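Asker: First the structure, which I've put down as structure tokens, then a few questions once you've had a look.
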Amino acid sequence: MALSLKDLGLVDRQYSTGSSYIMTIDSGTTSVRAMIVDAYGCIVAQASRSIKTTYPHPGWVEQDPTEILASQIAVMMEVQFKSGIHSDSIEAIGITNQRETTVVWDRDSGQPIYNAIGWQCRRTAPLAQRLVDEGYEDMIRAKTGLTPDAYFSATKVAWILDNVSGARELAESGQLLFGTIDSWLIFNLTGGLVFATDYTNASRTMLFNIHTLDWDDELLELLNIPRRMLPEVRWSSGEFGRVSTDIMTHRPRIMGVAGDQQASLFGHCCFEPGQAKNTYGTGCFMLMNTGDTVVESKNGLVATIGIAEQGKVSYALEGSIFHAGSVIQWLRDKLQIIGSTKETEGIALSRPDNGGCYLVPAFSGLGAPWWDAGARGLICGLTGASDRSSLVRAACESMAYQSYDVLCAMEADAGSRLDSLSVDGGASRNEFIMQFQADLLGIPVDQTESVETTALGAAYLAGLAVGYWEDHEELRQNHDYAKHFMPQMSEEDRARNLAGWHDAVARARSMCASSSVLVGTR
């Protein structure tokens, strides 16, 4: 039984009718949003709410699933109220979501049995390491494209079953359901009628075989997770049920679902092999379309399902950076040396260079291409002349440095060089960061016209499924760039900056012994 509006403290509302639109639900890490998109790919209205993240112990990250759900429904109502666009004008709904975050709930009551364990959470790092130590790494990578890590959902599910009283018995009896945030939302939005996910989200669990396109029984047995807990897996562009009447009176269909980074890849119109994008959000996520080929990474990346629509799967190489925009939030909320994220561009530009100061934001270890759970955050290169601006600039630069390392690994795995990099996300609006990124990469960085490329990708998937847009070519006509950043830095300065960064990374990693994958320079 899904949770009702009454359970969540919400009520249904009626609004005026209008023309035909697509609604996108974007359930992110720090906020949830609802947007209404027109036929030109323009966002005509949006509403958002912040959601709370808690840190019960060092390295642990949790969220309340009912808060996520209630906030998501609230913004779906609010965007209708703000725009005057009633649910009878919504052709379809697309959902995009933070990936890997894990929810387990009771099939009958609809209540979660534990908080959602966030994708950044490191509590299961010992279990992931045990899988490596026991010789399962190659098997897991061959089946899923992923490297064993606490980042992915599988070890989080296992932890809940092993640590929540009675959970194991309930799961074995078929009483518990597991899903990533998309499945949790779909189940509740449809009144408990649909328990499903899409191929892109399934591919991030470390339980899904990306070759057979099915849950893998060997992996489920390895982690002692009952198959009956798992959602049905469907195409990203297709039927996921209708929203229940107490939420949206005219019950629009959910017709598009994709994990946020795959939705962004689709929103960037990276439909062809070799096309790539980078999203600068809470973390940084770079994906390259590899077509029908699963490229096995030798340089610390993962293979994943990139696009799954029209009965066809396109794979992708991905590099996941755990801390990007969250570093700026750390400056604001923890250190309190800035009042808003918008200040950082001007502060960084006030300095001619970084003064030898580097910040490695390994707050919960390092992701791609290092996959070092033991690394710890580090600030180095401070002198008596260092000040607030030194730290702010170092924080901004850290996003570009980490993305540089991932792109080097991606080019090495793909055996080709990128001519340019398409970017989106909140930090992509920081012109200092984007110019510094172009300088490091030595290629143009193309800033999308819309910062909401992830939401547009989900809208496009839903719209294609109902014929709102005809084909990929029509979507390409909606896609445009706001600005192109061209490389300007001298090769000498570039080499010096990169050498300082890689020295800082080595120091951060040496703080706790771990194995590593090294990446050469580009």
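Asker: Take peptides 478-486, 292-300, 26-34, 207-215 and line them up by average Cβ neighbours within 10 Å, highest first, as a rough protection proxy.
Answerer: On the way: 478-486: 14.8, 292-300: 16.4, 26-34: 22.8, 207-215: 18.0.
My ranking of the peptides, most packed first, is 26-34, 207-215, 292-300, 478-486.
Asker: 5 Å is the cut-off here: which amide hydrogens, built 1.01 Å from N in the peptide plane, fall below it relative to Val233, excluding neighbours closer than 5 in sequence?
Answerer: Under 5 Å from the amide H of Val233: Thr197.
Asker: Percent relative contact order of segment 16-106, based on C-alpha pairs within less than 8 angstrom and at least six residues apart?
Answerer: Contact order relative to length: 39 percent.
Asker: By its C-alpha gyration tensor, with a ≥ b ≥ c as the square roots of the eigenvalues, how is segment 85-174 shaped: rounded for a/c under 1.5, else prolate for a/b larger than b/c, else oblate?
Answerer: Judged from the Cα gyration tensor, segment 85-174 comes out oblate (a/c at least 1.5, b/c at or above a/b).
Asker: Another question about this same structure. Report for the chain the percent antiparallel among DSSP-assigned beta bridges with both residues inside it, nearest 5.
Answerer: Details: 53 of 75 bridges.
In the chain, DSSP labels about 70 percent of beta bridges as antiparallel.
Asker: By the gyration tensor of its Cα atoms, with a ≥ b ≥ c the square roots of the eigenvalues, what is the shape of segment 125-227: rounded for a/c under 1.5, prolate for a/b over b/c, or oblate?
Answerer: Working: a/c = 2.03, a/b = 1.33, b/c = 1.53.
Since a/c reaches 1.5 but b/c is at least a/b, the shape of segment 125-227 is classed as oblate.
Asker: Provide the per residue accessible area, probe 1.4 Å, for the chain, rounded to a whole number of square angstrom. The partial results should precede the final answer.
Answerer: On the way: 18730 Å² over 522 residues.
That works out to 36 Å² for each residue.
Asker: Once phi is turned into θ = phi - 60°, what whole-Hz ³J(HN,Hα) does the Karplus curve with 6.51, -1.76 and 1.60 give for every residue of segment 121-138, x standing for Gly and Pro?
Answerer: 5, 10, 4, 9, 4, x, 5, 4, 5, 5, 4, 5, 4, 8, x, 9, 4, 5
Asker: Once a ≥ b ≥ c are taken as the square roots of the eigenvalues of the Cα gyration tensor of segment 339-433, is the result rounded (a/c under 1.5), prolate (a/b larger than b/c) or oblate (a/b not larger than b/c)? List each step's numbers first, then the result.
Answerer: Numbers: a/c = 2.02, a/b = 1.37, b/c = 1.47.
It comes out oblate by the Cα gyration axes.
Asker: Which angle between 0 and 90 degrees, to the nearest 10, do you get for helix 65-83 versus the longest principal axis of the chain when only C-alpha atoms count?
Answerer: 80 degrees
Asker: Let me ask you something else. Summing Lys, Arg as +1 and Asp, Glu as -1, what charge do residues with Cβ under 12 Å from the Cβ of Ser314 carry, Ser314 excluded? Write out the running numbers ahead of the final one.
Answerer: Numbers: positive: Lys312; negative: Glu272, Asp292, Glu309.
Cβ neighbours under 12 Å give a net charge of -2.
Asker: Also: Among residues other than Ile51 whose Cβ falls under 10 Å from its Cβ, what is the net charge (Lys/Arg +1, Asp/Glu -1)?
Answerer: Values: positive: Arg49, Lys52; negative: Asp64, Glu67.
Residues near Ile51 contribute 0 overall.
Asker: Taking H as built 1.01 Å from N, whose amide H comes closer than 5 Å to the amide H of Val44, not counting residues under 5 places away?
Answerer: Ile36, Val37, Asp38
Asker: Putting +1 on Lys and Arg Cβ atoms and -1 on Asp and Glu Cβ atoms, find which of Tyr481, Ser71, Ser19 reaches farthest to the positive end of the dipole of the chain.
Answerer: Checked the options; the winner is Ser71.
Asker: Any idea what angle helix 453-465 forms with the longest principal axis of the chain, computed on alpha-carbon atoms, 0 to 90 degrees, nearest 10?
Answerer: 40 degrees
Asker: Let's test this: bin the Cα-Cα distances of segment 409-461 at 5 Å from zero up to the farthest pair and state each bin's percent.
Answerer: In whole percents, the pair-distance histogram is 4, 18, 22, 20, 18, 14, 3.
Asker: Would you indicate which of (1) -0.61, -0.72, -1.20; (2) -0.42, -0.55, -1.35; (3) -0.35, -0.47, -1.30 is the value of log10 I(q)/I(0) by the Debye sum over Cα atoms at q = 0.07, 0.08, 0.13 Å⁻¹ derived from the coordinates of this structure?
Answerer: Label (3) holds the value from this structure.
Asker: Of Phe195, Phe240, which has the most accessible area and how do the rest follow, probe 1.4 Å? Mind showing how you got there, number by number?
Answerer: On the way: Phe195 40, Phe240 0 Å².
Accessible-area ranking of Phe195, Phe240, largest first: Phe195, Phe240.
Asker: Which pairs in the list Lys52/Lys156; Lys156/Lys277; Lys298/Lys342; Lys342/Lys483; Lys277/Lys334 are over 26 Å apart, alpha-carbon to alpha-carbon?
Answerer: Numbers: Lys52/Lys156 19 Å; Lys156/Lys277 28 Å; Lys298/Lys342 38 Å; Lys342/Lys483 18 Å; Lys277/Lys334 30 Å.
Beyond 26 Å: Lys156/Lys277; Lys298/Lys342; Lys277/Lys334.
Asker: Sticking with this one: Please work out the Cα center distance from segment 235-255 to segment 31-66, rounded to the nearest Å.
Answerer: Distance between centres, Cα-based: 19 Å.
Asker: Hey, how many Å between the Cα centroid of segment 178-234 and the Cα centroid of segment 341-380?
Answerer: Taking the Cα centre of segment 341-380 as reference, the centre of segment 178-234 is 35 Å away.
Asker: Now for a separate question. Projecting each Cα onto the charge dipole of segment 378-466 (Lys/Arg +1, Asp/Glu -1 at the beta carbon, about the Cα centre), which of Ala465, Gly442, Ser416 comes out farthest on the positive side?
Answerer: Of Ala465, Gly442, Ser416, it is Gly442.
Asker: Would you mind checking which residues have amide H under 5 Å from Tyr114's amide H? H placed 1.01 Å from N; only 5 or more apart, or other chain.
Answerer: Long-range HN contacts for Tyr114: Val104.
Asker: If you put +1 on each Lys and Arg Cβ and -1 on each Asp and Glu Cβ, how big is the dipole of the chain around its Cα centre, in Debye rounded to 20?
Answerer: Numbers: 41 positive and 63 negative charges, 246 e Å.
Computed charge dipole of the chain: roughly 1180 debye.
Asker: If you don't mind, another one. Using the Karplus curve 6.51 cos²θ - 1.76 cosθ + 1.60 with θ = phi - 60°, work out ³J(HN,Hα) for each residue of segment 243-252 in order, rounded to whole Hz, and write x for Gly and Pro.
Answerer: 5, 5, 5, 6, 9, 9, 3, 8, 6, x
Asker: In addition: Segment 31-116: which chymotrypsin sites (Phe, Trp or Tyr not before Pro) are DSSP loop and have at most 15 other beta-carbon atoms within 10 angstrom? List each step's numbers first, then the result.
Answerer: Numbers: sites: Tyr40, Trp60, Phe81, Trp105, Tyr114; in loops: Tyr40, Trp60, Tyr114.
Here the chymotrypsin sites (Phe, Trp or Tyr not before Pro) that fit, given the DSSP loop and packing criteria, are Tyr40.
Asker: Per residue of segment 403-416, what does 6.51 cos²θ - 1.76 cosθ + 1.60 with θ = phi - 60° give for ³J(HN,Hα)? Whole Hz please, x for Gly and Pro, Karplus curve as stated.
Answerer: Residue by residue, segment 403-416 yields 5, 4, 4, 5, 5, 4, 5, 5, 5, 5, 5, 7, x, 8 Hz.
Asker: What FRET efficiency, computed as 1/(1 + (r/R0)^6) with R0 = 22 Å and r the Cβ-Cβ distance, is obtained for Arg49 and Asp88, rounded to the nearest 0.05?
Answerer: On the way: r = 25 Å, r/R0 = 1.12.
Working from the Cβ atoms, E equals 0.35.
The values are calculated or read from the model by the stated rules, or taken from the named source; none is laboratory data. Just so it is clear, the structure is predicted and the values come from calculations on it, not from any experiment. In this analysis, Cβ positions are derived from the backbone assuming ideal geometry, glycine residues included, and neighbour counts consider all displayed protein chains. Keep in mind that these areas ignore ligands, DNA and RNA; they rest on the heavy atoms of the full protein, side chains included. Shrake-Rupley method; radii C 1.70, N 1.55, O 1.52, S 1.80 Å.
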